């Protein structure tokens, strides 16, 4: 085997490995989040799907802040006659960071301080 063949083989292996990584990333990443409304909708969907709150979605507020590379979503209790609670307050339950380019989400729901990925889907 000559050096040229080894180099060519190595390039093919690196290319194959790169394609595998790219396809794994494409499968793991979600859809891009382009607007604050999309971020709020996605946060509501994730809160329900991953059982992040025992409150019904109608009894939650999703306060979205547009950061440079992500949206920060504060998930608050919504106090109404139907939901209960003091209507003059909307306590924060937890925060989510939704990455704009692919919708990747981390939350501080577990301890209120450290952000971590969502658990596996229930």
Volume per residue that the Cα convex hull of the range 36-117 spans, once the total is divided by residue count, Å³: 95 Å³
Largest-first principal axis extents, alpha carbons of the range 81-122, Å: 37, 22, 22
Packing-based ranking, highest mean first, of 43-52, 69-78 given that Cβ atoms within 10 Å are counted: 69-78, 43-52
Quotient of Cα Rg and 2.2 N^0.38 Å for the range 53-100, N being how many residues it contains: 1.26
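No value in this document is a laboratory result; all are computed from the given coordinates. Predicted model only: the values in this text are computed from it and were never measured. Positions of Cβ are backbone-derived with ideal geometry, glycine not excepted, and every protein chain shown enters the neighbour counts.
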